[in-house]
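The structure appears below as structure tokens.
The values are calculated or read from the model by the stated rules, or taken from the named source; none is laboratory data. Predicted model only: the values in this text are computed from it and were never measured. Quick reminder, even Gly has a Cβ in these numbers, built from the backbone with ideal geometry, and neighbours come from all protein chains shown. These accessible areas exclude ligands, DNA and RNA; they are computed on the full protein's heavy atoms, side chains included. Shrake-Rupley method; radii C 1.70, N 1.55, O 1.52, S 1.80 Å.
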Amino acid sequence: MKLKATWLFSFIGIAGIVFAVNQFGLFSDPKPNPEKESVLIHSVLEGLNRMHYEPKKVDDKFSSEVFNLYLKDIDGAKRFFSKQDFEKMKPFETKLDDEATDGTFEFFNLSVELLNTSLPKTENWFKEILSKPMDFSKNNTIQTDGEKLDWAKNDAELRDRWENWMRYEVISRTTNELDKQEKPDFKGEKKSFETMEKEQRAKVLDVYEKYYKRLHKLDRSKRLEMYLNAVTNVFDPHTGYFSPVDKENFDIQMSGKLEGIGARLSSDGEKTSVTEIVAGSPSWKEGSLQAKDIISKVGQGDDEPVDIMGWDIDDVVSKIRGPKGTKVVLYVQKPDGSEKIITLIRDVVIMEEGFAKSLILQNGTSEDKIGFIFLPKFYADFTPQGTTSCATDVAKEVEKLKREHVKGIILDLRNNGGGSLRDVVQMSGLFIESGPIVQVKSRNRQPEILEDRDSKVQYTGPLVVMVNGYSASASEILAAAMQDYGRAVIVGSTTTYGKGTVQRFFDLDNSVNDDSVKPLGNMKLTVQKFYRITGKTTQFNGVVPDIVLPDVYNYIEIGERDNDFPLAANTIQSVEFKQSTYHFPKMTELRSASAARVEVDPIFQKINENALRFKKQKDETEYPLQREKYTTWNHQLDEEAEKFENMFQPIENLKLANLTEDLPTIQSDTSRSARNDAWLKDKKKDIQLYEAVQIITDMFRMDALAGKR
């Protein structure tokens, strides 16, 4: 069987894989289809071998890695399988390579069989445990980290583990509710521990019954996706299998647009509720559908409506989403109990809250205007129409800021997980004359240098780029390029995410000629690594800012370092680069000035203390279950947490304003205006942003002393 490679686009973000299938999923029939499954695993393996940047030998070591990762994925807390179950699966630990090569799934079938046996058994356990008052007098504890646990020896020990979990769920909820009764602002009748414990047992029961209802809906195809992702994830954490619906959702996330009605939905396992209406969408224009409405039926055009009660949220979305110009009919229950039939014509919906936007900032009484550009992701529309591009949008924001006569710009890439490689290269070119931005290396090939070839510089003034531990991929490329050129000052937490790899989608249907086994889905493959123009890599190591600020995640491992099977860091040859647009030479002086402010700032001191507390709590995974000990321990945690409540207050010297050009759009509807108000309120409390403002103000001052314009 030969694979015919069809690349869709280069992607360098960290969007996670969602395990969900609708009627267009991998298998329309939940029953085993051995021929199709065999073709699928062969296609996946051949694609990995031919195109992955660092292919692995499919041998016993590979088998053991898949075995352990798959068990971690399906029972990481060790609550479903006992030691006896594990011993039944153990003989397959070094045989999965042979199974994959042969296109067989004996181990997977056994795991499904054991899970299917475990679900009703454990469901009966938690129902039985929660059916009567609990004894919290025993001096026992619960270990919440599955990696620190061995498999339960037998069903009796596994049931004890479930009993401890249920005790933990109930004692934590009961204690929290009792604490609320002691608050000065509490109104209502105070309840005893026994009454509260009974109420919370009922609530825990409801939560777990809904959870198990979702578990029971996991058919073979959905479980097979999890197994396939264990196979792909041992190559690296960003290579994965996508069912058709997952690929569709991924494309929507990347482009920031979809064809539908513009309503955000949520589900409690039974009812589908509207959580938000997207401004400018068909739902917003029609006006009848509102937040908190419950959708009970969905009709396509003039067809008979379908009852969606109890459906998975992805299945509901697939019914409501559809091509522009088509009709969908919603049967809705309003919060007051009344019912309404709403007819909508689908259209293109733009999720504008995910797009670039700007503010004008000022520091204290200074009249100097500072531009602020917030970029939540490197979005791009890779369809032929190509209606969205973050590089184009940021260029527009820069022009608007220039018309406001800003003296400097702060580009905020915090929590920006990356995205389009094309756009990050174009965006970097806004700030330099021309030159290399990043080196991209394919397997067994010389690095390709991606350059800005446009000598035009759109913005020539001082530039600060803000990052944190969740700034990844494209964010790291831009930050690294601006740092290497000396074009910007990089400000943020100890390091960025550390993802230095490029992924592309491969349509598995193109790997086979037999239409009877299609659709097979897509695979997102790591096919390249990117390197800084200095030859160093951001992979694993990330980008270390020029100025490091206190951050709640500074003391814990996050990002690529916290993933299973990350690709290693290495270096390659550097390339020549230079720029004369703007260079700030006094980095040591700038860093010292910031450090002096941070050291005496009470908010930054609290952030650092909170980061240490956060690390301590992350490391402590064993909790008491005896009532008095739990109460004491919980109150101690609450007292520690209270020190950091309401820590962030509006910063008097940080002045924010919308751009004059943006006001008509912002004020065009109440929803958009409300979101803008919330954003301004949040930024007003952003101590890291305020320090970035002070840093760029220092740059103005030092430039003036040096005689720069």
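Of all residues being open to solvent by 10 Å² or more (accessible area, probe 1.4 Å) and under 18 Å from GLY240 (Cβ atoms) in segment 514-526, which is farthest from the chain's Cα centre (by Cα)? Just the residue, please. So that I can check it myself, show each step before the final result.
Kept after step one, since they are open to solvent by 10 Å² or more (accessible area, probe 1.4 Å), are these residues of segment 514-526: 514-516, 518-519, 522.
Remaining after also requiring under 18 Å from GLY240 (Cβ atoms): 519, 522.
Numbers: PRO519: 27, ASN522: 20 Å.
Per the stated criteria, the residue is PRO519.
Could you list, in sequence order, all residues of segment 662-689 that are in contact (Cβ under 8 Å) with a residue 40 or more places away in the chain, under 23 Å from LEU463 (Cβ atoms) and not hydrophobic (A, V, I, L, M, F, W, C)?
If the condition is that a residue be in contact (Cβ under 8 Å) with a residue 40 or more places away in the chain, under 23 Å from LEU463 (Cβ atoms) and not hydrophobic (A, V, I, L, M, F, W, C), then ASP662, LYS683, GLN688 are the ones that fit.
Hey, does segment 584-596 have a residue that's touching a residue at least 60 places away in the same chain (Cβ under 8 Å) and touching a Gly at 6+ places or on another chain (Cβ under 6 Å)? Spell out the reasoning first.
The initial filter retains those residues of segment 584-596 that are touching a residue at least 60 places away in the same chain (Cβ under 8 Å), namely 584-587, 589-590, 593-594.
In the following step, the residues that additionally are touching a Gly at 6+ places or on another chain (Cβ under 6 Å) were identified as none.
Among the residues of segment 584-596, not one is touching a residue at least 60 places away in the same chain (Cβ under 8 Å) and touching a Gly at 6+ places or on another chain (Cβ under 6 Å), which makes the answer no.
Do we find a residue being more than 27 Å from the chain's Cα centre (by Cα) and either closer than 29 Å to LEU215 by Cβ or at pLDDT 95 or above (or both) anywhere in segment 68-79? Please lay out each step first, then the result.
From segment 68-79, those more than 27 Å from the chain's Cα centre (by Cα) are none; that's our starting set.
Within segment 68-79 (the criterion being more than 27 Å from the chain's Cα centre (by Cα) and either closer than 29 Å to LEU215 by Cβ or at pLDDT 95 or above (or both)), the answer is no, since none of the residues qualifies.
Can you tell me which residues in segment 321-360 are assigned to a helix (DSSP H, G or I), open to solvent by 50 Å² or more (accessible area, probe 1.4 Å) and in contact with a Lys or Arg (Cβ under 7 Å, 6 or more places away or on another chain)? Explain how you work it out, then say what you get.
So in segment 321-360, the residues assigned to a helix (DSSP H, G or I) come out as 352-354.
Filter again for open to solvent by 50 Å² or more (accessible area, probe 1.4 Å), leaving 352-353.
Of everything in segment 321-360, just one residue is assigned to a helix (DSSP H, G or I), open to solvent by 50 Å² or more (accessible area, probe 1.4 Å) and in contact with a Lys or Arg (Cβ under 7 Å, 6 or more places away or on another chain), namely GLU353.
Consider ASN610 carefully, then state whether it is open to solvent by 20 Å² or more (accessible area, probe 1.4 Å) and within 30 Å of the chain's Cα centre (by Cα).
Values: open to solvent by 20 Å² or more (accessible area, probe 1.4 Å): yes; within 30 Å of the chain's Cα centre (by Cα): yes.
In short, yes.
What single numbered condition from (1) open to solvent by 40 Å² or more (accessible area, probe 1.4 Å); (2) within 30 Å of LYS61 (Cβ to Cβ); (3) in a helix (DSSP H, G or I) fails to hold for ASP150?
Going through the list (1) open to solvent by 40 Å² or more (accessible area, probe 1.4 Å); (2) within 30 Å of LYS61 (Cβ to Cβ); (3) in a helix (DSSP H, G or I), ASP150 breaks only (3).
For every residue, the table says whether it meets (1) under 24 Å from ILE410 (Cα atoms); (2) surrounded by 12 or more Cβ atoms within 10 Å (Cβ to Cβ); (3) at pLDDT below 95.
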| position | (1), (2), (3) |
| --- | --- |
| MET587 | yes, yes, no |
| GLN605 | yes, yes, no |
| PHE614 | no, yes, yes |
| GLU628 | no, no, no |
| GLU639 | no, no, yes |
| ASN658 | yes, yes, no |
| SER671 | no, yes, yes |
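Any residue in segment 192-216 that's more than 17 Å from ASP135 (Cβ to Cβ): show its pairings with residues that are open to solvent by less than 30 Å² (accessible area, probe 1.4 Å) and of a type in the set (A, V, I, L, M, F, W, C) at Cβ separation under 7 Å, as long as the two are six or more apart or on different chains.
Close Cβ pairs (under 7 Å, with a partner that is open to solvent by less than 30 Å² (accessible area, probe 1.4 Å) and of a type in the set (A, V, I, L, M, F, W, C)) amount to LEU205/LEU130; TYR208/PHE126; TYR212/LEU119; LEU215/LEU119; HIS216/LEU119.
ILE572: closer than 26 Å to GLY417 by Cβ, over 29 Å from the mean Cα position of the chain (by Cα) and not hydroxyl-bearing (Ser, Thr, Tyr), yes or no?
On the way: closer than 26 Å to GLY417 by Cβ: yes; over 29 Å from the mean Cα position of the chain (by Cα): yes; not hydroxyl-bearing (Ser, Thr, Tyr): yes.
Answer is yes for this residue.
Can you tell me how many residues in segment 541-563 are on the phi > 0 side of the Ramachandran plot and either part of a loop (DSSP other than H, G, I, E, B) or over 20 Å from the mean Cα position of the chain (by Cα) (or both)?
Step one: filter segment 541-563 for residues on the phi > 0 side of the Ramachandran plot, giving 542, 559.
Right, trim to either part of a loop (DSSP other than H, G, I, E, B) or over 20 Å from the mean Cα position of the chain (by Cα) (or both) and you get 542.
Selection size over segment 541-563: 1.
What about LEU69, is it within 30 Å of ARG445 (Cβ to Cβ), in contact with a helix residue (DSSP H, G or I) (Cβ under 6 Å, 6 or more places away or on another chain) and in a helix (DSSP H, G or I)? Full working, then the answer.
Values: within 30 Å of ARG445 (Cβ to Cβ): yes; in contact with a helix residue (DSSP H, G or I) (Cβ under 6 Å, 6 or more places away or on another chain): yes; in a helix (DSSP H, G or I): yes.
Here the answer is yes, as LEU69 does meet what is asked.
For (1) in a loop (DSSP other than H, G, I, E, B); (2) modelled with pLDDT of 95 or more; (3) out of contact with any Lys or Arg (no Cβ under 9 Å at 6 or more places or on another chain), each residue gets a yes or a no:
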{"position": "LEU8", "(1), (2), (3)": "no, no, no"}
{"position": "VAL21", "(1), (2), (3)": "yes, no, no"}
{"position": "GLY25", "(1), (2), (3)": "yes, no, no"}
{"position": "SER28", "(1), (2), (3)": "yes, no, yes"}
{"position": "PRO32", "(1), (2), (3)": "yes, no, no"}
{"position": "LYS57", "(1), (2), (3)": "yes, yes, yes"}
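Among PHE92, PHE62, which is open to solvent by less than 60 Å² (accessible area, probe 1.4 Å), modelled with pLDDT of 95 or more and under 29 Å from the mean Cα position of the chain (by Cα)?
PHE62
Of the numbered conditions (1) at pLDDT 95 or above; (2) over 28 Å from SER473 (Cα atoms); (3) open to solvent by 60 Å² or more (accessible area, probe 1.4 Å), GLU620 satisfies every one except a single condition; which is it?
(1)
If only one of SER82, SER111, SER131 is open to solvent by 10 Å² or more (accessible area, probe 1.4 Å) and hydroxyl-bearing (Ser, Thr, Tyr), which one is it?
Details: SER82 fails: open to solvent by 10 Å² or more (accessible area, probe 1.4 Å); SER111 fails: open to solvent by 10 Å² or more (accessible area, probe 1.4 Å).
Just a single option satisfies the conditions, and that option is SER131.
Restrict the check to segment 153-161 and report whether at least one residue is out of contact with any Cys (no Cβ under 8 Å at 6 or more places or on another chain) and not in a helix (DSSP H, G or I).
Of all residues in segment 153-161, those out of contact with any Cys (no Cβ under 8 Å at 6 or more places or on another chain) come to 153-161.
Adding the requirement that they be not in a helix (DSSP H, G or I) leaves 153-154.
Yes, because at least one residue in segment 153-161 is out of contact with any Cys (no Cβ under 8 Å at 6 or more places or on another chain) and not in a helix (DSSP H, G or I).
Do you know which residues across segment 304-320 are open to solvent by 50 Å² or more (accessible area, probe 1.4 Å), assigned to a loop (DSSP other than H, G, I, E, B) and modelled with pLDDT under 85?
Once the filter is applied, which keeps residues that are open to solvent by 50 Å² or more (accessible area, probe 1.4 Å), assigned to a loop (DSSP other than H, G, I, E, B) and modelled with pLDDT under 85, segment 304-320 yields MET309, TRP311.
From the list GLU106, GLU163, exactly one residue is farther than 30 Å from VAL44 by Cα and open to solvent by 40 Å² or more (accessible area, probe 1.4 Å). Which is it?
Working: GLU106 fails: farther than 30 Å from VAL44 by Cα.
Of GLU106, GLU163, the one residue that is farther than 30 Å from VAL44 by Cα and open to solvent by 40 Å² or more (accessible area, probe 1.4 Å) is GLU163.
Could you check how many residues of segment 543-558 are touching a Lys or Arg at 6+ places or on another chain (Cβ under 9 Å) and open to solvent by less than 10 Å² (accessible area, probe 1.4 Å)?
2
Would you mind telling me which numbered condition in (1) under 31 Å from the mean Cα position of the chain (by Cα); (2) surrounded by 17 or more Cβ atoms within 10 Å (Cβ to Cβ) LEU178 fails?
(1)
Cβ-Cβ below 7 Å, separation at least six or inter-chain, first residue in segment 451-474 and more than 15 Å from ILE490 (Cα to Cα) and of a type in the set (Ser, Thr, Tyr), second crowded, with 18+ Cβ neighbours inside 10 Å and at pLDDT 95 or above: which pairs?
Close Cβ pairs (under 7 Å, with a partner that is crowded, with 18+ Cβ neighbours inside 10 Å and at pLDDT 95 or above) amount to TYR459/VAL398; TYR459/ILE409; TYR459/LEU430; TYR459/PHE431; THR460/TYR582; SER473/LYS499.
State which residue is nearest to ASN68 (Cα to Cα) when the search covers only segment 195-236 and only residues that are small (Gly, Ala, Ser) and at pLDDT 95 or above. If you could, list the steps in order and put the result at the bottom.
Initial filter on segment 195-236 (small (Gly, Ala, Ser)): 202, 221, 230.
With the extra rule that they be at pLDDT 95 or above, the set shrinks to 202, 230.
Working: ALA202: 35, ALA230: 9 Å.
Of everything passing the filter in segment 195-236, ALA230 is nearest to ASN68 (Cα to Cα).
Could you figure out which of (1) open to solvent by less than 20 Å² (accessible area, probe 1.4 Å); (2) touching a helix residue (DSSP H, G or I) at 6+ places or on another chain (Cβ under 8 Å) isn't true of ARG403?
The single condition ARG403 does not satisfy is (1).
Per-residue answers, yes or no, for (1) of a type in the set (S, T, N, Q); (2) farther than 18 Å from ASP703 by Cα; (3) at pLDDT 95 or above; (4) crowded, with 21+ Cβ neighbours inside 10 Å:
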{"residue": "GLN458", "(1), (2), (3), (4)": "yes, yes, yes, no"}
{"residue": "ASN468", "(1), (2), (3), (4)": "yes, yes, yes, yes"}
{"residue": "SER471", "(1), (2), (3), (4)": "yes, yes, yes, yes"}
{"residue": "ALA479", "(1), (2), (3), (4)": "no, yes, yes, yes"}
{"residue": "MET482", "(1), (2), (3), (4)": "no, yes, yes, yes"}
{"residue": "VAL491", "(1), (2), (3), (4)": "no, yes, yes, yes"}
{"residue": "TYR497", "(1), (2), (3), (4)": "no, yes, yes, yes"}
{"residue": "PHE506", "(1), (2), (3), (4)": "no, yes, no, yes"}
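Does ASP515 satisfy the criteria of being without any contact (Cβ under 8 Å) to a residue 24 or more places away in the chain and among the acidic types (Asp, Glu)?
Details: without any contact (Cβ under 8 Å) to a residue 24 or more places away in the chain: yes; among the acidic types (Asp, Glu): yes.
So ASP515 fits the description; yes.
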